[in-house]
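Working notes, structure below.
The values are calculated or read from the model by the stated rules, or taken from the named source; none is laboratory data. Since we're looking at a predicted model, the values are computed, not measured. For neighbour counting, all protein chains shown are included, and Cβ atoms are generated from backbone atoms with ideal geometry for every residue, glycine included. We work out accessible area using only protein heavy atoms, side chains counted, and drop any ligands, DNA or RNA first. Shrake-Rupley method; radii C 1.70, N 1.55, O 1.52, S 1.80 Å.
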Amino acid sequence: MRILVTGGAGFLGSHLCDRLLSEGHDVTCLDNFFTGRQHNVAHLVGRPGFRIVSHDVTDPYSFDVDRIYNLACPASPPHYQFDPVKTMKTSVLGALNCLDLAKQTGARVFQASTSEVYGDPDVHPQPESYKGNVNPIGIRACYDEGKRCAETLFFDYHRHHGVPIRVARIFNTYGPRMLPDDGRVVSNFIVQALRGENLTLYGDGTQTRSFCYVNDLIEGFVRLMEHPELTGPVNLGNPGEFTMLQLAELVLAKVGGPSCVTHLPLPGDDPKQRQPEITLARRELGWEPSVPLAEGLDVTIRHFRTLLGL
Ligand code: NAD
Ligand code: UDP
């Protein structure tokens with residue numbers, strides 16, 4: 001198939017391009033390189049069927065394609081808060097532009113939505129039926145509300161124009177090719193520990209997240225996209241739940257060295273808990289994460305050690 005991956009030079013996008021090319025598809029990687037990097041896909045350049053297009057998804061684009069994976073959007077809080085208006089435009093105009101292309105071409109279109117649509121959840125773990133608790137005027141709203149609006153557009157294009165959609169709600173995912181200065185907790189802690197710096201734990205560290213290794217997630221993407229009819233939304237994530245203090249202790253134990261934990265203020269609207277309920281993905285996609293956090297961290301630590309020469 002001819003497959004377009006927006007945000008294809010980013011962390012998840014580059015792993016998805018790897019996977020799709022390995023299956024023999026033609027892959028167009030479209031990116032504006034805000035948080036994506038050429039070197040994430042440099043190993044694919046020159047491979048038959050692969051091309052990179054430098055483009056911003058807030059401007060319309062046109063390709064003859066069978067599948068569209070819409071991943072373009074900064075995902076780390078510091079990056080999406082850097083220019084919040086741009087983040088909202090990327091989510092909303094980016095969704096409109098890929099849906100218009102899907103409408104014109106008949107392509108099936110996948111949206112990389114997020115557990116952030118649940119906000120600071122008061123239902124735990126979070127099933128797809130939970131409607132969420134998002135602060136519409138807080139510092140995370142540009143991302144959370146942008147992604148919620150994108151989901152609305154996906155379902156309206158589906159209902160009104162018959163566009164075949166697949167919506168995944170992704171929970172915290174980590175692995176090689178996250179930026180070392182990405183700002184997300186896994187890369188921050190690993191890079192800090194490798195550099196012998198103290199780990200920046202925000203708040204008291206009792207807030208929880210559930211971390212999925214990137215390869216598991218990409219398997220879920222492909223299974224959802226190729227499901228004959230399931231539109232979603234479908235939660236994709238690893239139900240293993242950890243406090244941020246537990247994560248810090250795990251990273252410290254693995255990396256060793258002089259680092260310890262230093263407490264910094266908790267950012268506004270930081271969700272207190274997050275854990276995916278994945279019954280739907282298990283039942284409909286036969287999907288389940290297989291890489292435990294301790295194992296995925298080892299691979300990610302090795303990646304950053306090599307990258308940073310530490
Ligand atoms: P990332 O920041 O590494 O990748 C995002 C990519 O989109 C980058 O390559 C960036 O340059 C590109 N991009 C940003 N704005 C763009 C624009 N206007 N036009 C074209 N390209 C643009 O983040 P990621 O972790 O790979 O996330 C990919 C997608 O998955 C995002 O949509 C994100 O919201 C979603 N997601 C990720 C996670 C996670 O834990 N990694 C969790 C939930 C949702
Ligand atoms: N966090 C932290 N130290 C850091 C970065 C993040 O303690 O250096 C915390 C953050 O406050 C949040 C959790 O780790 O409670 C996950 O943060 P991340 O930015 O990775 O993802 P998100 O909050 O979007 O789930």
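Pairing residues of region 274-293 that are under 15 Å from SER115 (Cβ atoms) and within 16 Å of ligand 2 (Cβ to nearest atom) with residues that are open to solvent by 20 Å² or more (accessible area, probe 1.4 Å) and in a helix (DSSP H, G or I), at Cβ distances under 8 Å and at least 6 apart in sequence or on separate chains, gives no pairs at all.
Which members of region 273-310 meet the condition of being among the basic types (Lys, Arg) and touching a His at 6+ places or on another chain (Cβ under 9 Å)? Break it down into steps so the answer makes sense when it comes.
Kept after step one, since they are among the basic types (Lys, Arg), are these residues of region 273-310: 274, 282-283, 302, 305.
ARG274 - this is the single residue of region 273-310 that is among the basic types (Lys, Arg) and touching a His at 6+ places or on another chain (Cβ under 9 Å).
Residues in region 9-48 that are out of contact with any His (no Cβ under 6 Å at 6 or more places or on another chain), within 16 Å of ligand 2 (Cβ to nearest atom) and open to solvent by 30 Å² or more (accessible area, probe 1.4 Å): LEU12 only.
Identify, from the list ALA72, ALA168, the residue that is open to solvent by less than 50 Å² (accessible area, probe 1.4 Å), of a type in the set (A, V, I, L, M, F, W, C), outside any loop (DSSP other than H, G, I, E, B) and within 13 Å of ligand 1 (Cβ to nearest atom).
On the way: ALA72 fails: outside any loop (DSSP other than H, G, I, E, B).
Answer to the check: ALA168.
Pairs linking a residue in region 55-76 that is closer than 16 Å to PHE154 by Cα and more than 16 Å from ligand 2 (Cβ to nearest atom) to a residue that is assigned to a loop (DSSP other than H, G, I, E, B) and open to solvent by 50 Å² or more (accessible area, probe 1.4 Å), with Cβ atoms under 7 Å and 6 or more positions apart or on different chains, are ARG67/MET1.
Would you be able to say whether some residue in region 82-97 is surrounded by fewer than 23 Cβ atoms within 10 Å (Cβ to Cβ), farther than 28 Å from GLU277 by Cα and within 14 Å of ligand 2 (Cβ to nearest atom)? Checking region 82-97: at least one residue is surrounded by fewer than 23 Cβ atoms within 10 Å (Cβ to Cβ), farther than 28 Å from GLU277 by Cα and within 14 Å of ligand 2 (Cβ to nearest atom).
The residue pairs whose first member lies in region 242-268 and is closer than 14 Å to ILE190 by Cβ, whose second member is open to solvent by 40 Å² or more (accessible area, probe 1.4 Å) and assigned to a strand (DSSP E or B), and whose beta carbons are closer than 6 Å, counting only pairs six or more residues apart or on different chains, are ALA248/VAL261.
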